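Working notes for the structure below.
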């Protein structure tokens, strides 16, 4: 079974220095070639703390130029953006791929079988800024190339992304204690941010004037956590439907069990609505039942509460379609509130507080059918207000937006992509931070009656 043409199901779900010769479509550099002189000195760039790195001077760092080369992975981006999305291209510069020391081996990108992989892109025409992100779902470091990298590179930003230190359907097996795998995600983002700043200084002769953290889904969670816990590293962030983890709930382990119960005939549609799922998202429920709900519940319950049902998923989440989507029966009756204190302590390792220390813009679709907005970003916005940090936050609800923009291609009359609103939000953030231009007040961004929904979005509408 494949969710998107040519893309394996499991790939679609979750969402010394070596000079590597670029593929012919990307172009090669030489002293006499068309590239700036720095390309001949790319081997002088060292990512601090990296165990291994490979650098290449490329004619185009964007997806259009990198597709079909070792410098991106189109399959790992599957389903995250609409096919109607228009992206910039033609941004030359240096790309550094590598990994930090780690003991887990779930990321096989480039044949390394080594986690804590990263990519850093350094455009020739630099604007003085750096954008950092972590992969959504349990995808890898190239997964947001179309969503984030292309646009910010075209604007002149350096770009850095991490695989978060563990990937794939068995990410929960990393670490020694419950919660360790997700806790590593935050540590890896901090590690990459510090290293990327130093790599930028090596390349351009000065550190970034501005550094922004951003991401979608789990990447949005990472953005929230970094601005709460490492605000000194950043000047602001954009959180695109970040996952909410709180010690006593709500979190994924309080919202998803009812979906598993429904799939087994133990709950009704009304129960899902009572749990926070939007009534207007019913047309998406069958897809999410097959592709997300049971699997997501199973993986995160195994991460934070492996003692609940040690046989499920056991040593692996499953490799066949049947194994992956056959949600454990025990998850249908999972009750997070009644679980032992040790489970809540595991979640507390990664929990959010709302105490952001730098400007943050949050976007969330009102038809998100994996992370219902009422139990996620609505709650997080209230948490920020309760901490007295509301002046640092803007919150935009995107009408008819859902968790992944790829679904717009199947439901163009019912959905709208969030990506163009995200791009507008990023520009609003930089204007806020750099020029003092305050973004529009919190609001619902209405779906326009006409226009190019896949490529335009006015936050003030």
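Any read-out appearing in this document is the output of simple, stated calculations on the displayed coordinates, not a laboratory observation. Please read all numbers here as calculations on a predicted model, not as lab measurements. Virtual Cβ from ideal backbone geometry, glycine too; neighbours counted across all protein chains shown.
A convex hull fitted around the alpha carbon atoms of segment 179-302 yields 133 Å³ per residue. In the chain, the convex hull through the Cα atoms has an average projected area of 20.4 nm², a quarter of its surface area.
Tell me whether segment 41-130 comes out rounded, prolate or oblate; compute the Cα gyration tensor, take square roots of the eigenvalues as a ≥ b ≥ c, and use a/c under 1.5 as the rounded threshold. Oblate is the answer for segment 41-130, as a/c is 1.5 or above yet b/c matches or exceeds a/b. Beta-bridge orientation, the chain: approximately 40 percent antiparallel, per DSSP, counting only bridges with both partners inside. Stretched out straight at 0.36 nm per residue, the stretch from residue 427 to residue 75 would grow longer than its current Cα-Cα span by 123.9 nm. Binning all Cα-Cα separations of segment 376-417 at 10 Å, short to long from zero, yields these whole-percent fractions: 26, 34, 25, 14, 0.
Sorted ascending by nearby beta carbons within 10 Å, beginning with the fewest, 83, 164 become 83, 164. If R0 is 56 Å, the Cβ-Cβ spacing of residue 409 and residue 348 corresponds to a FRET efficiency of close to 0.90.
Which of rounded, prolate or oblate describes segment 252-348 when judged by the alpha-carbon gyration tensor and an a/c cut-off of 1.5? Mind showing how you got there, number by number?
On the way: a/c = 2.10, a/b = 1.26, b/c = 1.67.
Oblate is the answer for segment 252-348, as a/c is 1.5 or above yet b/c matches or exceeds a/b.
Among 98-110, 149-161, 252-264, the peptide with the highest mean count of other Cβ atoms within 10 Å heads the list, and the full ranking is 149-161, 252-264, 98-110. Taking other C-beta atoms within 10 Å as the exposure proxy, 427, 115 rank 427, 115 from fewest upward. Among 185, 432, a tally of other beta-carbon atoms within 10 Å of each Cβ gives an order, fewest to most, of 432, 185.
So, in Å, what gap is there between the alpha-carbon centers of segment 39-61 and segment 376-423? If we compute the Cα centre of each part, the gap is 36 Å. Here the gap between residue 271 and residue 204, fully extended at 0.36 nm per residue and compared with their Cα-Cα distance, gives a gain of 18.5 nm. Remark: the residue 84-residue 460 segment gains 133.1 nm on full extension, using 0.36 nm per residue and subtracting the alpha carbon distance. To the nearest whole percent, what portion of all C-alpha pairs in segment 294-422 is separated by more than 27 angstrom? For segment 294-422, the fraction of Cα-Cα distances above 27 Å is 39 percent.
Over segment 88-145, what per residue volume does the convex hull of the Cα atoms give, in whole Å³?
Looking at segment 88-145, the number lands at 105 Å³ per residue.
Contact order, relative form, for segment 161-248: 23 percent (alpha carbon pairs under 8 Å, 6 or more residues apart, mean separation divided by residue count). Find, to one decimal place in angstroms, the Kirkwood hydrodynamic radius of segment 346-457, where the mean of 1/r is taken over every pair of different Cα atoms and then inverted. With all distinct Cα pairs of segment 346-457 included, I get 15.0 Å. When the alpha carbon gyration tensor of segment 63-207 is reduced to an equivalent ellipsoid, its three semi-axes come out at 25, 19, 12 angstrom, largest first.
Rounded to the nearest angstrom and ordered from largest down, what semi-axes does the equivalent ellipsoid of segment 137-202 get from its C-alpha gyration tensor (root of 5λ)?
Values: eigenvalues 133, 47, 9 Å².
Values for segment 137-202, descending: 26, 15, 7 Å.
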